[in-house]
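Worksheet: one structure, shown below.
The values are calculated or read from the model by the stated rules, or taken from the named source; none is laboratory data. Just so we're clear, the structure is a prediction, and the values are computed from it rather than from any experiment. As a convention, Cβ positions derive from the backbone with ideal geometry for all residues, glycine included, and neighbour counts pool all protein chains shown. What goes into the accessible areas is simple: the full protein's heavy atoms, side chains included, and nothing from ligands, DNA or RNA. Shrake-Rupley method; radii C 1.70, N 1.55, O 1.52, S 1.80 Å.
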Amino acid sequence: MSYDVIIIGAGPGGYVSAVRCAQLGLKTAIVEGRDTLGGTCLNVGCIPSKALLHATHQLHEAEHNFAKMGLKGKSPSVDWNQMKSYKDEVIGQNTGGIEFLMKKNKIDWLKGWASIPAAGQVKVGDDTYATKNIVIASGSVPSSLPGVAVDNDKGIVVDSTGALELPKIPKKMVVIGAGVIGLELGSVYARLGAEVTVVEYMDAVCPGMDKDVQRAFKKILEKQGLSFVMGAAVQGVETKGGKAKVSYQPKKGGDAEVIDADVVLVATGRKPYAEGLGLDTLGIKLTERGQIATDAKWATNVPGVYAIGDVIEGPMLAHKAEDEGMAVADVIAGKHGHVNYGVIPGVVYTTPEVATVGATEDALKAEGRNIKVGKFSFMGNGRAKAVGQADGFVKLIADKETDRVLGAAIIGPAAGDMIHEICVAMEFGASAEDIALTCHAHPTYSEAVREAALACGDGAIHA
Ligand code: NAI
């Protein structure tokens, strides 16, 4: 059997690339060793965590916000096994959907784990397939922390995968790392009644994010019951009798401290995954950080072998991988293939959501750029008040002379959806005035984006 393209890995990067390759008339196969398609994102990442975030958000609303809206009575009790079944059903619908897409587009699913014996060959099990092109989309895995042994089966020290399958809701949970995973899954368990303490090495949550958002975000999460130990490096976790002791060293000095926990979630980042592919033998070059090195068209140093997604450099985000998947398909089909890395949104799916795109105020100032910042609080947004979610703001950054939009950060209701208005504006090189002059339906959260754009000019109306 021979192919035009074999894609290794059926996560968002791989399966999207496969569909695009097939649409472009290339004979395509995808290799996946998991029992279901969709990779980390659909099986143990983005999708299951969103199902749990949704379910626990409903609980939080019932417990904290129903009574004031005149919805009285007993709050729902939690059936944790049923909640996990709901999550599994959502996973099943999504992974099944990808299988359907593969069939619809006549893409062969080669079941098993791939290796690349030589350029132009992919081996899966005992079979070797010939192919003109190979796209490595093998993704990433949680990175380990020295002194911390993750054992998802025991359910005491877990990573993001184990945190989706805990046998019971812990009373005390310590989350190591105040990044996206730590805050999303920490929120889930806090809403389920766990006492959640997040230990973070840096002095702010979500390192690299807009500073105003970091401050507001942490305050809101504290209001929701999460506790933070900032500026503290976790050095080890000991387990004994079904419990854990997390020891950390405060950065400012002093003695190491210890916190007890029933469950410890290690959320200190992810690393590229390319085990068993045979990259060494093939002579594929890696970056200093262990990512597969590629050129601007996702080609590795071995002709006919490309790589995309978490296994190469750039943010480890499903949508970045998808964009690269489509673009590399275009390149293989002889078309242009383009990803605008300056306009890749980042979203944290807590309540409120946090969404960012483009450059931060600090980064632009550090570059010496002349900028203006328009900020608008959801307190001035009628819709946000009507649904009791007026915490947060939209911050829009534009070039002071040209008014061109350079970036944005939103913390507030549906921020992850609203950010795309700004993405489109940036893609088109729009000015803040372009957004300000665009009629926005009332009452919507999106009016806050327009108000932030107005604040870049003569001023917001409802501020
Ligand atoms: P992250 O890189 O976002 O955050 C890890 C945090 O751990 C950092 O704040 C770091 O300072 C801290 N840390 C590292 N070592 C530490 C130590 N010894 N003690 C205390 N703190 C320590 O990584 P995370 O949250 O694990 O996510 C991994 C990847 O998955 C990220 O690239 C993220 O973008 C992606 N992801 C994206 C989601 C989304 O888009 N909503 C959801 C989940 C994951």
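Assorted remarks:
- Part-to-part distance (alpha-carbon centres) for the range 320-383 and the range 259-297, which is given in Å: 24 Å
- Tensor-based shape of the chain (alpha-carbon gyration tensor, a/c under 1.5 rounded, otherwise prolate or oblate): oblate
- Over the chain: helical MRE at 222 nm, DSSP H runs n ≥ 4 each giving -39500 (n - 2.57), nearest 500: -9500 deg cm²/dmol
- Per-residue extension of 0.36 nm, minus the Cα-Cα distance of Ala366 and Val141, leaves a gain of 77.7 nm for this segment.
- Carbon plus sulfur fraction of accessible area for the range 330-394, probe 1.4 Å, in percent: 49 percent
- FRET efficiency, Ser85 to His338 (Cβ-Cβ, R0 56 Å, nearest 0.05): 0.85
- Per-residue extension of 0.36 nm, minus the Cα-Cα distance of Lys297 and Val387, leaves a gain of 27.9 nm for this segment.
- Fraction of accessible area attributable to carbon and sulfur, the range 200-276 (%, probe 1.4 Å): 48 percent
- Low-density loop positions, GluC sites (Glu not before Pro), the range 250-289 - DSSP coil, at most 13 other Cβ in 10 Å: Glu275, Glu288
- In terms of its alpha-carbon gyration tensor, the range 326-385 comes out oblate; a/c meets the 1.5 threshold, while b/c is at least as large as a/b.
- Contact order for the chain, expressed relative to its length and based on alpha carbon pairs under 8 Å spaced 6+ residues apart, stands at 14 percent.
- Solvent-accessible area, 1.4 Å probe, carbon plus sulfur percent, for the range 73-128: 49 percent
- Residues in the range 355-463 average 46 Å² of solvent-accessible surface per residue, probe 1.4 Å, ligands and nucleic acids excluded.
- Antiparallel %, DSSP beta bridges [both residues in the chain], to 5: 60 percent
- Test item: Cα-centred dipole of the chain, Lys/Arg +1 and Asp/Glu -1 on Cβ, debye: 600 debye
- Of the GluC sites (Glu not before Pro) found in the range 389-463, the ones in coil according to DSSP and having at most 12 other Cβ atoms within 10 Å of their Cβ are Glu401.
- For the range 1-140: rounded, prolate or oblate by the Cα gyration tensor [a/c cutoff 1.5]: prolate
- Selection of trypsin sites (Lys or Arg not before Pro), the range 282-344, meeting DSSP coil and at most 15 other Cβ within 10 Å: Lys285, Arg289, Lys297, Lys335
- His60 contributes about 40 Å² of solvent-accessible surface, heavy atoms of the protein only, 1.4 Å probe.
- Gain on full stretching of the segment that runs from His54 to Gln121 - 0.36 nm per residue minus C-alpha separation: 19.8 nm
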